[in-house]
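Chemist: What follows is a single structure, and I will ask about it in a moment.
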Amino acid sequence: MALDCEITPRSVIADVLREYPECIDVFDRHKMPCLTCMGVSTDTLEEGAIMHDVDLESLIAELRACCARHD
């Protein structure tokens with residue numbers, strides 16, 4: 001499933017990582033340990049941001065920039 005950088009607050013974290021594995025660096029910078037989280041397959045970016053006290057808009061902007069560089 002290609003996301004075509006259509007990353008939104010409702011995007012499931014696992015889908016983003018499956019399509020753009022290089023974006024793990026973005027999650028790491030925000031101290032979101034997504035590779036070891038049990039909820040990664042169901043949690044949305046919005047839920048993850050809330051859980052880890054991360055600014056959602058910044059996270060999404062960085063993820064979009066990351067995936068755009070690798071398209």
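Chemist: So, GLU22, is that one crowded, with 16+ Cβ neighbours inside 10 Å, in contact (Cβ under 8 Å) with a residue 24 or more places away in the chain and either part of a helix (DSSP H, G or I) or in contact with a strand residue (DSSP E or B) (Cβ under 9 Å, 6 or more places away or on another chain) (or both) or not? Give the steps one after another, and end with the answer.
Modeler: Values: crowded, with 16+ Cβ neighbours inside 10 Å: no; in contact (Cβ under 8 Å) with a residue 24 or more places away in the chain: yes; either part of a helix (DSSP H, G or I) or in contact with a strand residue (DSSP E or B) (Cβ under 9 Å, 6 or more places away or on another chain) (or both): yes.
No, not satisfied.
Chemist: Sticking with this one: Residue under question is VAL54, and the condition is that it be at pLDDT 90 or above, part of a helix (DSSP H, G or I), of a type in the set (A, V, I, L, M, F, W, C) and at negative phi; does it hold?
Modeler: Spelling it out, it is not the case that VAL54 is at pLDDT 90 or above, part of a helix (DSSP H, G or I), of a type in the set (A, V, I, L, M, F, W, C) and at negative phi.
Chemist: While we're here: Residues to consider are ILE7, ILE13; find the one that is hydrophobic (A, V, I, L, M, F, W, C), within 11 Å of CYS67 (Cα to Cα) and surrounded by 17 or more Cβ atoms within 10 Å (Cβ to Cβ).
Modeler: The match here is ILE7.
The values are calculated or read from the model by the stated rules, or taken from the named source; none is laboratory data. Note that the structure is a prediction, hence the values are computed from the model and not measured. So basically every Cβ, Gly included, is an ideal-geometry build from the backbone, and we count neighbours across all protein chains shown.
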